[in-house]
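Okay, so here's the structure we're looking at.
The values are calculated or read from the model by the stated rules, or taken from the named source; none is laboratory data. This is a predicted model, so every value here is computed, not measured. Every residue, glycine among them, receives a Cβ derived from its backbone with ideal geometry; neighbour counts consider all protein chains shown.
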Amino acid sequence: MEASGLGKRYGSTWALRECTLAIPAGHVTALVGPNGAGKSTLLNLAVGLAAPSTGEVTVLGGRLPGSPAALDGIAFVAQDTPLYKTLSVADMLHLTRNLTRRFDQAHAQARLAELDIPLQRKAGKLSGGQQAQVALTLALARRPRLLVLDEPVAMLDPIARHDFMATVLAAASADGVSVLLSSHVLTELERVASYLVLLARGRVRLAGEVGDLLGRYGQANLEELALHYLRDNPTGVAP
């Protein structure tokens with residue numbers, strides 16, 4: 001994803017402003033920051049669910065978010081892993097297959113079988129962890145080049161979070177999927193993220209490869225890095 005002077009305003013309030021960054025392909029990118037930092041706004045702009053107020057953003061090598069070329073290559077799991085609660089898992093597979101131009105039914109069914117998630121059970125009757133896994137399965141079955149996840153593990157217990165993130169990492173390594181992931185749970189991002197974007201007050205404060213940033217600022221992990229940088233640069237912008 002590339003953004004130049006990107007901003008989004010709702011009425012008189014700027015949710016995101018002067019965002020300029022380039023996230024390279026091939027990374028699991030952690031998008032972190034406090035509540036209200038602009039994380040969801042940036043993700044919505046990247047997938048075409050919102051239009052910029054200023055600037056521009058492109059994905060997948062210059063494609064406009066929301067265009068057919070971009071939609072074919074992006075899968076998005078929004079906050080709270082939204083599913084139609086009254087539909088069965090099988091119905092969700094059928095619906096998704098018919099709403100998208102590319103869907104690997106066999107892959108989705110095999111993955112759900114490995115997770116012991118019954119196809120005939122209604123989505124609303126599944127546990128939180130199972131619902132998250134179904135939403136992720138639907139996304140991965142589209143065989144995306146870019147997987148965008150907005151706070152997908154916030155409501156999950158530690159075991160479910162671990163299983164979910166393990167699946168994301170496996171997709172990134174085995175299938176070459178680039179991942180853009182926002183989360184407050186920095187401890188879960190620690191073992192999967194190779195690139196970091198830190199947002200605060202609607203602005204990009206820090207961006208770069210995790211190893212380089214940890215070495216540059218002398219921090220041991222992502223949580224220490226984020227807290228250190230925000231404390232010492234409360235109004236600064238990314239170098």
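If I filter segment 79-86 for residues that are at pLDDT 90 or above, touching a helix residue (DSSP H, G or I) at 6+ places or on another chain (Cβ under 9 Å) and part of a helix (DSSP H, G or I), do I get at least one hit?
no
Go through segment 177-226 and report how many residues are without any contact (Cβ under 8 Å) to a residue 60 or more places away in the chain and among the polar types (S, T, N, Q).
Matching residues across segment 177-226 total 3.
Taking only pairs six or more apart or across chains, which ones have beta-carbon atoms under 8 Å, a first residue in segment 146-173 that is assigned to a loop (DSSP other than H, G, I, E, B), and a second residue that is aliphatic (A, V, I, L, M) and crowded, with 20+ Cβ neighbours inside 10 Å?
PRO152/VAL77; PRO152/ALA132; PRO152/ALA135; PRO152/LEU136; PRO152/LEU181; VAL153/ALA132; VAL153/MET165; LEU156/ALA132
Looking at segment 190-199, is at least one residue in contact with a His (Cβ under 9 Å, 6 or more places away or on another chain), surrounded by fewer than 21 Cβ atoms within 10 Å (Cβ to Cβ) and within 16 Å of GLN79 (Cα to Cα)?
no
Quick one: which of GLN133, GLN120 is of a type outside the set (A, V, I, L, M) and either assigned by TED's automatic domain parsing to the domain that holds ALA160 or loosely packed, with under 15 Cβ neighbours inside 10 Å (or both)?
None of the others qualify; the one that does is GLN120.
Can you confirm whether segment 55-70 contains a residue that is touching a Lys or Arg at 6+ places or on another chain (Cβ under 7 Å), modelled with pLDDT of 95 or more, farther than 22 Å from ALA172 by Cα and surrounded by 15 or more Cβ atoms within 10 Å (Cβ to Cβ)?
So far as segment 55-70 goes, no, none of its residues is touching a Lys or Arg at 6+ places or on another chain (Cβ under 7 Å), modelled with pLDDT of 95 or more, farther than 22 Å from ALA172 by Cα and surrounded by 15 or more Cβ atoms within 10 Å (Cβ to Cβ).
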